[in-house]
Structure formats: C-alpha cells, structure tokens
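Engineer: Right, I'll just put the structure down here and ask away after.
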Amino acid sequence: MSFNYLLDTYWSNVYGYQLKKVNNENDAEDITIQTFAKAFNKIHTFNKEYQFSTWLIAISKNIHQDILRKRKPSLIVQSSKVDEEAYKVIDDSPSPEDKIITEQNLAKLLRDIKQLKPKYQEVINLRFFQELSYKEISEQLDEPMNNVKVKLLRAKKLLAEIIEKNKS
C-alpha cells in the first residue's frame with residue numbers, strides 16, 4: 001500500500017476520532033499527523049489480522065494519552081471520562097502470538113532492507129534499530145541533518161517499494 005493511499009483513506013477516521021476527544025481542530029490535526037508518522041515508521045509491526053483503521057486509532061489514542069500525561073494531572077482525570085465513552089479500541093500491547101508474528105515479519109523486513117544500497121541500509125539501521133535521533137545520525141555520519149532526513153525519506157520510500165514488490 002502506498003502511504004498516500006493510507007493517508008487519503010484513513011485521515012478522516014483518525015482526525016474525526018481525535019476531534020471528538022480534544023474538541024480542538026489544531027490539536028486533532030497535530031495528533032493525527034503524529035499518528036500517521038508513527039504508523040509509517042512502525043508499519044512493519046502492523047498485524048494484518050486486525051483492521052488498519054483500528055490500529056491507527058489505537059496509535060492515535062496512545063499519542064493523545066502521552067500528551068495528557070505531559071500536562072497537568074487534573075487533565076488526565078477529566079479525559080478518562082471521555083476515554084470510557086470513546087471508541088472501544090483493542091489493547092495494542094503485543095500478545096505472545098503477536099511477538100512471534102513480529103519476529104517473522106522482522107526477518108522478512110531485514111531481508112528487504114538488505115536489498116537497499118548500503119547508504120540507505122545504514123540510515124534505516126541507525127534510525128529504526130538503534131533509535132538514534134536525526135541529530136545523532138547527522139553527527140555519526142558527519143552529514144548535515146537535512147541530508148540525513150532526505151536520505152531516510154528516500155530509504156523508506158525505496159523500502160516500501162521493495163516490500164510491496166515482494167508481496168506479489
């Protein structure tokens with residue numbers, strides 16, 4: 001699936017869900033953007049036994065809760081009432097079966113990553129496996145941060161194409 005297709009198809013669901021929760025268009029849009037960014041970065045963890053929209057809503061819910069935790073404690077109490085009435089989303093903590101599936105998917109992902117040019121393999125490894133920040137990657141590679149961001153974006157697009165090609 002292309003990222004544009006996913007954005008076009010599921011943006012309204014996630015944005016609508018967040019708008020009901022936060023009652024603020026800017027906050028809902030910010031959380032929705034964060035949701036898709038996180039989903040695209042973690043797309044390899046998606047379990048096809050569930051609906052994609054459910055997975056996105058779960059990510060969105062978690063991002064919202066993280067934001068609330070960073071704010072005043074009184075807001076958490078207030079939002080918990082909203083959470084009880086909001087969409088019933090499955091718990092996205094991995095079960096033992098999910099972990100096995102993820103490990104199998106990880107093996108496939110690693111094979112796909114090995115098809116990339118070494119410079120792209122390196123940025124994917126540093127960002128997603130070593131979980132370095134853009135600044136840390138920039139320092140390690142001795143490259144400007146904008147170059148790192150562009151290289152990572154290209155690597156993700158190429159990897160998505162390889163994954164899509166290997167599905168068929």
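Laboratory data are not the source of any read-out in this text; all were calculated from the coordinates shown. Keep in mind it's a predicted model, so treat the numbers as computed, not measured. Counting neighbours? That spans all protein chains shown, and the Cβs are built from the backbone with ideal geometry, glycine included.
Engineer: For the pair residue 142 and residue 53, what calculated FRET efficiency results from E = 1/(1 + (r/R0)^6), where r is the Cβ-Cβ distance and R0 = 30 Å, to the nearest 0.05?
Structural biologist: Values: r = 42 Å, r/R0 = 1.40.
About 0.10, to the nearest 0.05.
Engineer: Continuing with the same structure: If I take every Cα pair under 8 Å that is 6 or more residues apart in segment 123-168, average their sequence separation and divide by the length, what percent do I get for the relative contact order?
Structural biologist: Relative CO of segment 123-168 lands at 35 percent.
Engineer: List residues of segment 115-146, by number, whose backbone nitrogen lies under 17 Å from a label position 7 Å along Cα→C-beta of residue 154.
Structural biologist: Residues 115-127, 138, 141-146 fall inside that zone.
Engineer: State the extension gain, in nm to one decimal, for the chain segment bounded by residue 130 and residue 115, taking 0.36 nm per residue of separation less the distance between their alpha-carbons.
Structural biologist: Length gained, residue 130 through residue 115: 3.5 nm.
Engineer: What number comes out for the charge environment of residue 37, summing +1 per Lys or Arg and -1 per Asp or Glu over other residues with Cβ under 13 Å away?
Structural biologist: Numbers: positive: 38, 42, 127, 149, 156; negative: 29, 30.
Neighbour charge sum, excluding residue 37 itself: +3.
Engineer: So what's the Cα pair-distance distribution over segment 120-168, bin width 5 Å, in %?
Structural biologist: Result, from short to long distances: 5, 23, 29, 20, 11, 7, 4, 1 percent.
Engineer: Which value in nm describes the separation of the simple spin-label points at residue 161 and residue 19, placed 7 Å from the Cα toward the beta carbon?
Structural biologist: 3.6 nm
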